[in-house]
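A short worksheet on the structure shown next.
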Amino acid sequence: MPRAIVSPSVLASDFGQLTAECKRMIKGGAEWLHMDVMDGHFVPNITMGAPVLACVYKGVPGIFMDCHMMVSQPEKWVDDIANAGGSLYCFHIEAASDPLAIIDAIHSRKMKAGVAISPDTPSTAITDEIGHAADMLLVMTVYPGRGGQKFLERCVPKVAELRARFPDKDIEVDGGVGPNTIDVCAEAGSNVIVSGTAIFNAPEPERVIALLKDTVNNVQAKRTQA
Ligand code: DX5
Ligand code: ZN
């Protein structure tokens, strides 16, 4: 299984201090920063887009921006996000008319490609061809659209299904993930952990980041021994 990575969702941060918030997370041990881009169409809310990401990248050079694109026409923003400094472009399969073409476009801009599935989308929507072409698969554990929602445990079996089919891919979970829900995610085989409110609302975010990462590492170590 690929290595454990924690990707704090900046949706739960103080947007007025975005650059400082990202630096705070990196200092606390985060390797990736999860940037939730919402277009008011694929999901009801609007958050931020490429101009904001470009400012963050300028303020925190070299930052790994894990861009979660909750947008209706994902092919439309690949260039803008690449130009803004995006490292990974994750689009929703529900919004994509030609997922393989989008993955190609993302790769041609030297970004990693992620494919997300919402709670009502089965893991089989990720065909073998799409799964092998992508670098990361994202299993949403809440309905996309806002932070601070309750973790939907019924989505977890999809993580295990995808892990069985794609042992070497990054598999990310996103939505309601924190110290109380990490165990089932790690056991199912996810290795990239997004967490917003559980990290940003904690008095010591570095402790939550370490706990999430350690949980994934411990599960992996147990599997290797078995
Ligand atoms: C929801 C977003 C998530 C969310 C996670 O639409 O994709 O990234 O911000 O936040 P928490 O961890 O608070 O559920
Ligand atoms: Zn997200």
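For the stretch 64-74, the set of residues classified as under 18 Å from the mean Cα position of the chain (by Cα) and open to solvent by 10 Å² or more (accessible area, probe 1.4 Å) consists of PHE64, SER72, listed by residue number.
Go through the stretch 119-148 and count every residue that is within 15 Å of ligand 2 (Cβ to nearest atom), in contact with a helix residue (DSSP H, G or I) (Cβ under 9 Å, 6 or more places away or on another chain) and farther than 23 Å from ILE106 by Cβ. Adding up the residues that qualify gives 6. Screening the stretch 10-25 for residues that are touching a Phe, Trp or Tyr at 6+ places or on another chain (Cβ under 8 Å) and not aliphatic (A, V, I, L, M) and picking the one that is nearest to PRO144 (Cα to Cα) gives SER13.
Scanning the stretch 41-78 for residues that are part of a strand (DSSP E or B) and within 12 Å of ligand 1 (Cβ to nearest atom) yields a total of 5. Scanning the stretch 20-35 for residues that are without any contact (Cβ under 8 Å) to a residue 40 or more places away in the chain and of a type in the set (D, E, K, R) yields LYS23, GLU31.
Within the stretch 108-130, work out how many residues are assigned to a helix (DSSP H, G or I) and over 20 Å from ILE193 (Cβ atoms).
So the count comes out to 6.
In the stretch 141-191, of all residues being away from ligand 1 (no atom under 12 Å from the Cβ) and under 14 Å from the mean Cα position of the chain (by Cα), the one that is farthest from ASN45 (Cα to Cα) corresponds to LYS169. Candidates GLY29, GLY16: the one that is away from ligand 2 (no atom under 14 Å from the Cβ) and within 30 Å of ALA226 (Cβ to Cβ) is GLY29. For MET48, indicate whether it is crowded, with 16+ Cβ neighbours inside 10 Å and free of Cβ contacts under 8 Å to residues at least 60 places away in the same chain. For MET48, the condition - crowded, with 16+ Cβ neighbours inside 10 Å and free of Cβ contacts under 8 Å to residues at least 60 places away in the same chain - is met. Scanning the stretch 79-107 for residues that are part of a helix (DSSP H, G or I), open to solvent by 80 Å² or more (accessible area, probe 1.4 Å) and of a type in the set (Gly, Ala, Ser) yields nothing. Residue pairs whose Cβ atoms lie under 9 Å apart, separated by 6 or more positions or on different chains, with the first residue in the stretch 122-149 and at positive phi and the second more than 9 Å from ligand 1 (Cβ to nearest atom) and open to solvent by 10 Å² or more (accessible area, probe 1.4 Å), are GLY145/PHE42; GLY145/PRO44. Among residues of the stretch 163-183 that are more than 12 Å from MET1 (Cα to Cα) and basic (Lys, Arg), none has a beta-carbon under 7 Å from a residue that is open to solvent by 30 Å² or more (accessible area, probe 1.4 Å) and within 11 Å of ligand 1 (Cβ to nearest atom) at least six positions away or on a different chain.
The values are calculated or read from the model by the stated rules, or taken from the named source; none is laboratory data. What you see is a predicted model, and the numbers here were worked out from it, not measured in a lab. Cβ coordinates were reconstructed from backbone atoms using ideal geometry, including for glycine residues, and neighbour counts include every protein chain displayed. When the accessible area is computed, the model is the full protein with side chains, heavy atoms only, and any ligands, DNA or RNA have been set aside. Shrake-Rupley method; radii C 1.70, N 1.55, O 1.52, S 1.80 Å.
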